[in-house]
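J.: Following this message is one structure expressed as structure tokens.
The values are calculated or read from the model by the stated rules, or taken from the named source; none is laboratory data. Remember, predicted model here, so these are calculated numbers, not experimental data. FYI the Cβ positions are ideal-geometry reconstructions off the backbone, even for glycines, and counts take in every protein chain you see. Only protein heavy atoms, including side chains, enter the accessible area calculation; ligands, DNA and RNA are left aside. Shrake-Rupley method; radii C 1.70, N 1.55, O 1.52, S 1.80 Å.
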Amino acid sequence: MVKLILVRHGESVANAENHYTGWNDVDLTAKGVEQTHQTAQKLAGYDIDIRHVWTSVLKRAIASAYIIQDDLDLNYLPITKAWQLNERHYGALRGQNKDVTRQEYGVKQVQIWRRSFYAFPPKLDAPDPRVGPYKNVDPRAMPLSESLYVAYLRIIPYYIDHIVPELLDGKDQLVVAHGSTIRAMIKYLEDIGDKDIDGVEVANGEPLVYEFDSKLNLLKTNRK
């Protein structure tokens, strides 16, 4: 049996301020750091043998991954940072306060943007600059905004191409990423319908453990 562990980063500054984050690169709060130490303590209680760590190119996820590795004495493990594991791109909403957007656009519309599988937030006028971790990304892949469905279309192929081969080799894998990243993976792993995924919540710092047989048939998970 092999295990896949999914962890959403600890609380970020944007989470604390109730702002849309998406691809904005924000730090963890002190609470987020403490949450992530608690994540490591929880993982220490599982029968797991993590062999590789995967994260996005956003520092709130990277910092969370480093804390977990450090606390579990796993700094020797390889860690891969991939933009494909980034949070969903919130377009022109990012950086805005969620309560303010509810007042401006209406509670119903904001709920659709946030939770619907197919709805796009308002788009940026131009894509993010192709610098830093995005300098070699195909410009056609740089979003103006993303629905969860569009984010799913970059996250799941990456999972299949890069993480699945490690699992098939019997090596436990840890993914430290974002709420939408993990919701997309949960949808795929549990074969959840497009409408039903709207109700799936992912808490900061709460480890989700998936256990598979040698052919990656799902045996059990601790997700409630």
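J.: Could you check LEU85 against (1) farther than 12 Å from ALA177 by Cα; (2) in contact with a helix residue (DSSP H, G or I) (Cβ under 6 Å, 6 or more places away or on another chain) and say which number it fails?
T.: The single condition LEU85 does not satisfy is (1).
J.: Given the criteria more than 25 Å from GLY132 (Cα to Cα), within 12 Å of the chain's Cα centre (by Cα) and hydrophobic (A, V, I, L, M, F, W, C), does LEU6 qualify?
T.: Details: more than 25 Å from GLY132 (Cα to Cα): yes; within 12 Å of the chain's Cα centre (by Cα): yes; hydrophobic (A, V, I, L, M, F, W, C): yes.
For LEU6, the condition - more than 25 Å from GLY132 (Cα to Cα), within 12 Å of the chain's Cα centre (by Cα) and hydrophobic (A, V, I, L, M, F, W, C) - is met.
J.: Quick one: LEU124 ticks every box in (1) over 21 Å from the mean Cα position of the chain (by Cα); (2) over 28 Å from SER147 (Cα atoms); (3) crowded, with 17+ Cβ neighbours inside 10 Å bar one, so which box is it?
T.: Going through (1) over 21 Å from the mean Cα position of the chain (by Cα); (2) over 28 Å from SER147 (Cα atoms); (3) crowded, with 17+ Cβ neighbours inside 10 Å one by one, LEU124 breaks only (2).
J.: Is there a residue in the stretch 140-155 that is in a loop (DSSP other than H, G, I, E, B), among the β-branched types (Val, Ile, Thr) and farther than 30 Å from MET1 by Cα?
T.: Within the stretch 140-155, the first condition is being in a loop (DSSP other than H, G, I, E, B), and the residues that meet it are 142-147.
Among the residues that remain, those that are also among the β-branched types (Val, Ile, Thr) are: none.
The answer is no, given that none of the residues of the stretch 140-155 is in a loop (DSSP other than H, G, I, E, B), among the β-branched types (Val, Ile, Thr) and farther than 30 Å from MET1 by Cα.
Per-residue answers, yes or no, for (1) under 20 Å from ALA203 (Cβ atoms); (2) among the aliphatic types (A, V, I, L, M):
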position	(1), (2)
ARG8	yes, no
ASN15	yes, no
ASN18	yes, no
GLN35	yes, no
ALA40	yes, yes
TYR90	yes, no
ASP99	no, no
GLY106	no, no
ARG114	yes, no
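J.: Name the residues in the stretch 71-111 that are more than 18 Å from TRP54 (Cβ to Cβ), open to solvent by less than 30 Å² (accessible area, probe 1.4 Å) and either among the acidic types (Asp, Glu) or not in a helix (DSSP H, G or I) (or both), would you? Before the answer, list the steps.
T.: Taking the stretch 71-111 first, the residues more than 18 Å from TRP54 (Cβ to Cβ) are 73, 89-111.
Filter again for open to solvent by less than 30 Å² (accessible area, probe 1.4 Å), leaving 89-91, 93, 101, 106, 110.
Within the stretch 71-111, HIS89, TYR90, GLY106 meet the criteria.
J.: Can you tell which of ARG183, ARG154, ARG114 is closer than 21 Å to ARG60 by Cα, without any contact (Cβ under 8 Å) to a residue 60 or more places away in the chain, open to solvent by less than 50 Å² (accessible area, probe 1.4 Å) and among the charged types (D, E, K, R)? First the steps, then the outcome.
T.: On the way: ARG154 fails: without any contact (Cβ under 8 Å) to a residue 60 or more places away in the chain; ARG114 fails: open to solvent by less than 50 Å² (accessible area, probe 1.4 Å).
Answer to the check: ARG183.
J.: I'd like to verify a number: residues in the stretch 186-224 that are loosely packed, with under 14 Cβ neighbours inside 10 Å and either part of a strand (DSSP E or B) or among the basic types (Lys, Arg) (or both), how many?
T.: Summing the residues that are loosely packed, with under 14 Cβ neighbours inside 10 Å and either part of a strand (DSSP E or B) or among the basic types (Lys, Arg) (or both) in the stretch 186-224 gives 6.
J.: Could you count how many residues in the stretch 64-78 are free of Cβ contacts under 8 Å to residues at least 40 places away in the same chain and within 15 Å of the chain's Cα centre (by Cα)?
T.: Here the count works out to 0.
J.: Given the options ALA65, ALA44, ALA40, name the one that is modelled with pLDDT of 95 or more and within 27 Å of ARG115 (Cβ to Cβ). Reasoning before the result, please.
T.: Working: ALA44 fails: within 27 Å of ARG115 (Cβ to Cβ); ALA40 fails: within 27 Å of ARG115 (Cβ to Cβ).
After applying the criteria, what remains is ALA65.
J.: Still on this model: Condition (residue is over 25 Å from ALA14 (Cβ atoms), without any contact (Cβ under 8 Å) to a residue 24 or more places away in the chain and surrounded by fewer than 17 Cβ atoms within 10 Å (Cβ to Cβ)) applied to the stretch 48-56: is it met by at least one residue?
T.: First, pick out the residues of the stretch 48-56 that are over 25 Å from ALA14 (Cβ atoms): 48-52.
Now drop any that are not without any contact (Cβ under 8 Å) to a residue 24 or more places away in the chain, which leaves none.
Checking the stretch 48-56: not a single residue is over 25 Å from ALA14 (Cβ atoms), without any contact (Cβ under 8 Å) to a residue 24 or more places away in the chain and surrounded by fewer than 17 Cβ atoms within 10 Å (Cβ to Cβ).
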